[in-house]
Amino acid sequence: MQRRTFLKNSILGFSGLGLFGGIYSWQIEPFWLEFVKMKMPIKNLPYDLVGKTIMQISDIHVGSRFDYHFIIDSFEKAKVFNPDIVVYTGDFVSADKKQVHTSKLDEVLSHSVKGTLGTIGILGNHDYGKNWSQPEVADQVSNLLIKHEIVLLRNEQIEIFGLNFIGFDDFWGPHFAPEMVMKEYDSSKSNVVLCHNPDVCDLDVWNNYQGWILSGHTHGGQCKPPFLTPPMLPVKNKKYSAGKIELSGNRTLYINRALGHLWQVRFNVRPEITIFELAVA
């Protein structure tokens, strides 16, 4: 009798844990935002930018798969930090089989975080619509970014108070051409590269670039067993999961875990906004 009671209680206990885990992964962690802070040492950084901040926001994925008001609420929380420069590293929308929700994106971007010195964005694969093959979708997203005063870089560069930002178009999209901008790479400047998909780090396109590369795309896998690699990552190089990674050639990659989600489920991979404090390398 005692053995039956023990087994019954054990089954109920495990069922309860499973139910809690499911609710946690569905309703709690996807909306439990983390602000990650770290130093960003950069060669040739102008003295006036020492101590200034770059805020990275990535993969907001506005669409129909989760409540986009979470993104708006997160933007309002981020504004408290009063960042000097804000960079958005792609995937503003989710590629939906039926439609791209540009009206929702327009509303979200009306609350977007802006840098006191400048605000920059690049496109991700989802910004190219179904199968990443709809340039007209990218044009719609681009027009909304311009409307909301976010400077879009598509294989281009822009200098903000002496810090040069190089922005790649998306690796999986039809206009990926980093050579266009990297041929003009000037190592005497202070530089930061924005590149949505971290797999680009393994391509021969860098022209001896040395410095930071800010990426997104992976979402950190969204679900990650403790101490193990995420079982699902949309990259060829599975070491490109999340966080800071030192690469060959004096390059430093940072992969943001994403603010939004492809699907409303996360475990051990909280949504993230990153705040970098600039320093001289």
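Fewest neighbouring Cβ atoms within 10 Å first, the residues 261, 69, 219, 101 line up as 69, 101, 261, 219. Of 123, 259, the sequence from fewest to most neighbouring Cβ atoms within 10 angstrom is 259, 123.
Legend: P(r) of the chain from all alpha carbon pair distances, 10 Å bins from 0, whole percents, reading 7, 29, 35, 19, 6, 3, 2, 0.
By the count of other C-beta atoms within 10 Å, a proxy for reagent exposure, 195, 223, 201 are ordered fewest to most as 223, 201, 195. For region 207-281, the calculated P(r), taken from all Cα-Cα distances in 10 Å bins from zero up to the bin holding the longest distance, is 18, 48, 26, 8 percent. Around the amide H of residue 124, modelled in the peptide plane, lie the amide H atoms of 91, 92, all under 5 Å away and 5 or more residues distant in sequence or on another chain.
Using the 2.2 N^0.38 Å rule of thumb for compact globular proteins, work out how region 123-254 stacks up: its C-alpha Rg over that value, please. Walk me through the intermediate numbers first.
Details: Rg = 15.3 Å, N = 132, 2.2 N^0.38 = 14.1 Å.
Expressed relative to 2.2 N^0.38 Å, the Cα Rg reads 1.09.
Amide H contacts for residue 160 (H built 1.01 Å from N in the peptide plane; partners 5 or more residues away or on another chain; cut-off under 5 Å): 165. Within the set 52/224; 52/189; 98/238, which residue pairs have Cα atoms separated by over 23 Å? Listed pairs above 23 Å: 52/224; 98/238. With 0.36 nm allotted per residue and the present C-alpha distance subtracted, the residue 229-residue 133 stretch has 31.5 nm of extension available.
Just so you know, all these numbers are worked out from the coordinates, no wet-lab data involved. What you see is a predicted model, and the numbers here were worked out from it, not measured in a lab. Because the Cβ atoms are built from the backbone with ideal geometry, glycine has one as well, and the counts that use them run over all protein chains shown.
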